[in-house]
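The values are calculated or read from the model by the stated rules, or taken from the named source; none is laboratory data. For clarity, every value in this text was computed on a predicted model and none was experimentally measured. Quick reminder, even Gly has a Cβ in these numbers, built from the backbone with ideal geometry, and neighbours come from all protein chains shown. The protein model used for the area step is the full one, side chains on, heavy atoms only, and it has no ligands, DNA or RNA in it. Shrake-Rupley method; radii C 1.70, N 1.55, O 1.52, S 1.80 Å.
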Amino acid sequence: MKTLSFLCRFVVLLTTAFSSLGLSAAEPVTIKKVDFSTARLPGAGATDEWIEVMIELQGGPNETKNARNPNFNENIKVDFYLSYEVDPEPNSKTKGKVLYNFHSQVEISALENHKTVDVHFFIPP
């Protein structure tokens, strides 16, 4: 696997469909943990290890006025952005480092108060 130099330009944006309806005292969803690891994905057609990013989310109370159920938050969107740089391949005409940028999004239909869910993103080698 190529040596990766991760830039600290990693941003996880977490929004809910209800966030624009008003501010609440408790967070509707919190990020409990973010882990980076590597994974071999033989079915993906690559022989190198992929970067796996796991984000653990925990549901909080839904304090919106017209919530269908205050124990659930709905339509939770997680946006994942990652940038990293690598040295160019030997014999490449590229001068300096090569910067790769990735973006992916997942939407969770509902998350219960106090429950956790892991969201996984895989970045190709």
Might you let me know whether segment 111-122 holds any residue that is within 13 Å of residue 28 (Cα to Cα) and of a type in the set (Ser, Thr, Tyr)? yes
Of the residues 91, 101, 69, which single one is touching a Ser or Thr at 6+ places or on another chain (Cβ under 6 Å), without any contact (Cβ under 8 Å) to a residue 40 or more places away in the chain and either of a type in the set (Val, Ile, Thr) or surrounded by fewer than 13 Cβ atoms within 10 Å (Cβ to Cβ) (or both)? 101
Check off (1) touching a helix residue (DSSP H, G or I) at 6+ places or on another chain (Cβ under 7 Å); (2) at pLDDT below 75 for residue 64 and give me the number that stays unchecked. (2)
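Residue by residue, here is whether (1) more than 12 Å from the chain's Cα centre (by Cα); (2) at pLDDT below 85 holds:
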site: 86; (1), (2): yes, yes
site: 89; (1), (2): yes, yes
site: 99; (1), (2): yes, no
site: 103; (1), (2): no, no
site: 107; (1), (2): no, no
site: 121; (1), (2): no, no
site: 125; (1), (2): yes, yes
Please determine whether any residue of segment 104-120 is open to solvent by 90 Å² or more (accessible area, probe 1.4 Å), on the phi > 0 side of the Ramachandran plot and not aliphatic (A, V, I, L, M). yes
Please state which one of 76, 55 is touching a residue at least 60 places away in the same chain (Cβ under 8 Å), in contact with a strand residue (DSSP E or B) (Cβ under 6 Å, 6 or more places away or on another chain) and closer than 13 Å to residue 28 by Cα. 76
